[in-house]
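> My structure is below; once you've seen it, I'll send some questions.
The values are calculated or read from the model by the stated rules, or taken from the named source; none is laboratory data. Small disclaimer: the values here were computed from a predicted structure and weren't measured. Cβ: placed from backbone, ideal geometry, glycine included. Neighbour counts: every protein chain shown. Each accessible area value is taken on the protein alone, full model and side chains, heavy atoms only, with ligands, DNA and RNA left out. Shrake-Rupley method; radii C 1.70, N 1.55, O 1.52, S 1.80 Å.
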Amino acid sequence: LISLYLAGVFTLGTIYLVQYIVLKRRLATAVHGKENVWFSENINTPFVMGVVHPRIYLPYGLDKVSGRYILKHERTHIEHHDPIIRLLGVLCLCLHWWNPLVWLAVYLMNQDMEMCCDEGFLLRAPLAERKAYADVLLSFAQKRSGLWVELAFGESHTEKRIKNVLYPKKKGTVS
């Protein structure tokens, strides 16, 4: 039984490590912009990577409006220490790979982090600005490659995120 558990930990740990190494290689040609922002032609969607010194990676060719919203969103991830929390989530998955409730918890945690970052900078934004941001979410969902979904700005929860952006809940309401 212990050998089965350790085989699961090793297998899942190896899968995550290989994904990380492959992504790092894809980002080897990224060009440094201002501060901690890097641009790469090898990615389709923006994301934050790194725990100690997190970097924001953006695909080339973003228009000014999309870039502004994306940077606000990704900087909110860094302010909330989301890369550390995501790493802890991956460690939990590796150690509790056999528990479907841990998988569900990490999935929901990632979804909540995305929605929290959306809400963070749109809290008092007018409807026109929220609609523009929803368009950005939708455009990235359409471009998404599907490989690095848990890192991605335009992830699979796009519909829920857009509804949350366009129709924010009032403080104190329970859903």
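> Looking at the stretch 72-79, is at least one residue farther than 22 Å from Gln111 by Cα and either surrounded by 17 or more Cβ atoms within 10 Å (Cβ to Cβ) or acidic (Asp, Glu) (or both)? Spell out how you get there, then give the answer.
In the first step, residues of the stretch 72-79 are kept if they are farther than 22 Å from Gln111 by Cα; the result is none.
Looking through the stretch 72-79, none of the residues is farther than 22 Å from Gln111 by Cα and either surrounded by 17 or more Cβ atoms within 10 Å (Cβ to Cβ) or acidic (Asp, Glu) (or both).
> In this structure, does Leu62 turn out to be of a type outside the set (Ser, Thr, Tyr), open to solvent by less than 20 Å² (accessible area, probe 1.4 Å) and free of Cβ contacts under 8 Å to residues at least 60 places away in the same chain? Give the derivation first.
Values: of a type outside the set (Ser, Thr, Tyr): yes; open to solvent by less than 20 Å² (accessible area, probe 1.4 Å): no; free of Cβ contacts under 8 Å to residues at least 60 places away in the same chain: yes.
Criteria not met by Leu62.
> Now for a different question. So if I check each of Asn36, Asn44, which one is polar (S, T, N, Q) and either at pLDDT 95 or above or farther than 24 Å from Gln142 by Cβ (or both)?
Just a single option satisfies the conditions, and that option is Asn36.
> Out of (1) under 16 Å from the mean Cα position of the chain (by Cα); (2) free of Cβ contacts under 8 Å to residues at least 12 places away in the same chain; (3) open to solvent by 60 Å² or more (accessible area, probe 1.4 Å), what's the single condition that is false for Ala28?
It fails just one condition, (1).
> Of the conditions (1) closer than 23 Å to Tyr107 by Cα; (2) under 13 Å from the mean Cα position of the chain (by Cα), Leu58 fails just one. Which one is it?
Here Leu58 meets the rest and fails (1).
> Can you name the condition, by its number, that Leu93 falls short on among (1) assigned to a helix (DSSP H, G or I); (2) among the aliphatic types (A, V, I, L, M); (3) modelled with pLDDT under 95; (4) buried (at least 16 other Cβ atoms within 10 Å of the Cβ)?
Only one criterion is unmet by Leu93, namely (3).
> Here's a follow-up. Of all residues being out of contact with any Phe, Trp or Tyr (no Cβ under 7 Å at 6 or more places or on another chain) and buried (at least 17 other Cβ atoms within 10 Å of the Cβ) in the stretch 133-147, which is farthest from Ile15 (Cα to Cα)? Just the residue, please.
My answer is Ala134.
> Okay, moving on. Tally the residues that are in a helix (DSSP H, G or I) and open to solvent by less than 20 Å² (accessible area, probe 1.4 Å), restricting the search to the stretch 107-131. Show your work before the answer.
Filtering the stretch 107-131 down to residues in a helix (DSSP H, G or I) leaves 107-122, 127-131.
From the residues that got through so far, the ones that are open to solvent by less than 20 Å² (accessible area, probe 1.4 Å) too are 111, 113-114, 117-118, 122.
Residues flagged as in a helix (DSSP H, G or I) and open to solvent by less than 20 Å² (accessible area, probe 1.4 Å) within the stretch 107-131 amount to 6.
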